[in-house]
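To keep things clear, I will list the structure first and then write my remarks on it.
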Amino acid sequence: MNEIIYFDNAATTPIRPEVYDAIRPYIESCYGNPSSVYKLARESKKAVDLARKQVADAINADSGEIFFTGCGSESDNWAIKGVALALKDKGKHIITTNIEHHAILHTCEFLEENGYEVTYIPVDEYGMVSADDIKKAIRPDTILVSVMTANNEIGTIEPIKEIGAVCREKGVYFHTDAVQAVGHIKIDVKEMNIDLLSLSGHKIGAPKGIGALYIKKGVKIKNLIHGGQQEKGKRAGTENVIGIAALGKAIELAVSEMEDTTERLKYLRDKIINGVLKNIEYSRLNGHPEERLPGNVNISFEFIEGESMLLMLDAKGICASSGSACTSGSLDPSHVLLAIGLPHEKAHGSLRISLGYQNTEEEVDKLLEVLPPIVQRLREMSPLYEMKK
Ligand code: PLP
């Protein structure tokens, strides 16, 4: 068994060995700028073209509809701000949900400070968004709907195809943040009626610092990054050839292995969920029982702090999370857990285990062995637990 048990794959993933092999030439010798004309540069250009096709194929898009960015957050910013600016004469109303990643929520807040209006659709107790609620919220001045494909904290998979159909019917652009979904569940932008889709490399075995935005042909969008003519004049900046080649390889691998990985991860996920709920009292599963990412477990434990649990797991060599990676370091309870109706104290005691292709049953068994005594020790320090007993 590895010394470290890594159960935080929703925060980021290790670079896959096959990805490392694929990018080695661009790290070591093929350093040409894809915009230059000589052979060395053409090698880089070829790598970018191949990756664009690999990403397009993974989501059933055309290569010309894929634009590389610096990360998932940039893709989200570009989709929302770019459409808001392009369609400002048509309207200034945007619809999203209250469980989105901060890359969406903070972008929407920025637009609100700049004269736009945003409707935040609430979710049900499982974190599920209703397509009907979206439909009711669409107004004549609505220009964009943005709903994440799957939630990064509780793993709930949203009814994207239905929401996309509502947007098509109403003639409103539909963006989805698929950063946690791409490579983990099947995505088909055509079948799912998606106009814009954000994805990120470091969640699927590529390095950090590479993302992409799918922009359906004909969608009106302004640039976020201005400068040179890279990415067909839509996203300036010399291409991150290493990151792009890595993303292409990683997404191709993830999609080709998806069926097997899904089956294996669902087995491990359910083993953790059932094991924990059965053996630890006052625990509850957060997120949808069935419509959830194959690798996501999110459980709240009453009477304890998630952060303390993380430190004690870390001492045993286990990496996990108590919310989204981006909010760790903050003591505010997760906005997602509050949105599904958890009171503050239960939201504070949550643990997210996010599995990756590399996790094994042995690692899961180790977690199931060490977690109950950790929870017990922390509860013994809790006056509330004493009172409950
Ligand atoms: N959207 C979701 C749902 C995420 O989970 C994340 C990262 O955790 C992002 C966007 C941001 O992606 P990146 O880290 O590539 O900026």
Working only within region 31-52, note down all residues that are touching a residue at least 40 places away in the same chain (Cβ under 8 Å) and buried (at least 16 other Cβ atoms within 10 Å of the Cβ).
Pro34, Ser44, Ala47, Val48, Leu50, Ala51, Arg52
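Residue-by-condition table, conditions (1) crowded, with 16+ Cβ neighbours inside 10 Å; (2) touching a strand residue (DSSP E or B) at 6+ places or on another chain (Cβ under 8 Å); (3) assigned to a strand (DSSP E or B):
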{"position": "Leu253", "(1), (2), (3)": "yes, no, no"}
{"position": "Glu281", "(1), (2), (3)": "no, no, no"}
{"position": "Arg284", "(1), (2), (3)": "no, yes, yes"}
{"position": "His288", "(1), (2), (3)": "yes, yes, no"}
{"position": "Ser300", "(1), (2), (3)": "yes, yes, yes"}
{"position": "Leu310", "(1), (2), (3)": "yes, yes, no"}
Please identify the pairs in which a residue from region 190-202 that is over 17 Å from Ile242 (Cα atoms) has its Cβ atom under 7 Å from the Cβ atom of a residue that is among the aromatic types (Phe, Trp, Tyr) and within 15 Å of the ligand (Cβ to nearest atom), counting only partners at least 6 apart or on another chain.
Leu196/Tyr214; Leu197/Tyr214
Single residue of region 1-21 satisfying the filter (of a type in the set (S, T, N, Q) and within 15 Å of the ligand (Cβ to nearest atom)) that is farthest from Asn152 (Cα to Cα):
Thr13
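Is region 323-343 home to any residue that is under 30 Å from Leu253 (Cβ atoms), out of contact with any Cys (no Cβ under 7 Å at 6 or more places or on another chain), of a type outside the set (Gly, Ala, Ser) and open to solvent by 20 Å² or more (accessible area, probe 1.4 Å)?
The first filter runs over region 323-343 and keeps only residues under 30 Å from Leu253 (Cβ atoms), leaving 323-328, 336.
When the remaining residues are screened for being out of contact with any Cys (no Cβ under 7 Å at 6 or more places or on another chain), the result is 323-328, 336.
Still in the list and also of a type outside the set (Gly, Ala, Ser): 326-327, 336.
Then drop every residue that is not open to solvent by 20 Å² or more (accessible area, probe 1.4 Å), which leaves 326-327.
Yes: one or more hits.
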Among what's in region 208-236 and is within 16 Å of the ligand (Cβ to nearest atom) and open to solvent by 30 Å² or more (accessible area, probe 1.4 Å), pick the residue that is nearest to Phe68 (Cα to Cα).
Arg235
Looking only at residues that are within 12 Å of the ligand (Cβ to nearest atom) and in a loop (DSSP other than H, G, I, E, B) in region 66-107, which one is farthest from Lys222 (Cα to Cα)?
Ile99
Taking region 341-366 and keeping only residues that are farther than 14 Å from Ile4 by Cβ and among the charged types (D, E, K, R), one is left with Glu345, Lys346, Arg352, Glu361, Asp365
Out of Thr176, Thr156, report the one residue that is within 12 Å of the ligand (Cβ to nearest atom), without any contact (Cβ under 8 Å) to a residue 40 or more places away in the chain and at negative phi.
Thr176
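The values are calculated or read from the model by the stated rules, or taken from the named source; none is laboratory data. This structure is a prediction, so every number in the text was calculated from the model and none was measured. Heads up, the Cβs are rebuilt from the backbone with ideal geometry, glycines too, and the neighbour counts pull from every protein chain shown. All accessible areas refer to the heavy atoms of the entire protein, side chains included, with ligands and DNA or RNA removed. Shrake-Rupley method; radii C 1.70, N 1.55, O 1.52, S 1.80 Å.
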